Amino acid sequence: MSAVDVVQRQLDAYNAQNLDAFCACFADDCILSELNGAATQQGAAAIRQRYQTLFESYPENHAALVTRVVVGNVVIDHEDITRSPSERINAAAIYTVRDGLIARVDFVRAP
């Protein structure tokens, strides 16, 4: 599976709030962090907990892909995220893919 394929698969699962399909896209030792910051979550269990809470807290959550850049095994998605009718987030997610799974995600967010 290509880097683009696994990133698109996780985006589709994210928008469907399908936690199992979403988590299946990540390596067991995946790291999530803010760009240039320390890891905020590390490992499959921590990632599952983060997104389970997010999906429960924001049932209308949806990420619209604005643009995508691919350089080798790195995929950068610019996303317009709607958490609720009154909460939107402008974000970029920088995915590093290894062996067909997402190994790291660095986030950049602006309200």
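Quick rundown of the values:
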{"read-out": "Enumeration of residues in the range 16-40 that are of a type in the set (S, T, N, Q) and at pLDDT below 95", "value": "N36, T40"}
{"read-out": "Close pairs from the range 46-71: first farther than 17 Å from L32 by Cα, partner exposed (fewer than 13 other Cβ atoms within 10 Å of the Cβ) and at pLDDT below 95, Cβ under 7 Å, at least 6 apart", "value": "Y58/S84; E60/S84"}
{"read-out": "Filter pass, A21 being in contact with a helix residue (DSSP H, G or I) (Cβ under 9 Å, 6 or more places away or on another chain), loosely packed, with under 15 Cβ neighbours inside 10 Å and in a strand (DSSP E or B)", "value": "no"}
{"read-out": "Search result, residues across the range 50-89 that are assigned to a loop (DSSP other than H, G, I, E, B) and either touching a Lys or Arg at 6+ places or on another chain (Cβ under 9 Å) or modelled with pLDDT under 95 (or both)", "value": "Y58, P59, E60, N61, N73, P85, S86"}
{"read-out": "Matching residues in the range 86-101 - criterion: being hydrophobic (A, V, I, L, M, F, W, C) and either under 13 Å from N61 (Cα atoms) or in contact with a Gly (Cβ under 6 Å, 6 or more places away or on another chain) (or both)", "value": "I89"}
{"read-out": "Considering residues of the range 7-36 that are of a type in the set (G, A, S) and free of Cβ contacts under 8 Å to residues at least 60 places away in the same chain only, the residue farthest from E87 (Cα to Cα)", "value": "A24"}
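The values are calculated or read from the model by the stated rules, or taken from the named source; none is laboratory data. Bear in mind that the values here come from a model prediction, so they are computed numbers and not experimental data. Quick reminder, even Gly has a Cβ in these numbers, built from the backbone with ideal geometry, and neighbours come from all protein chains shown.
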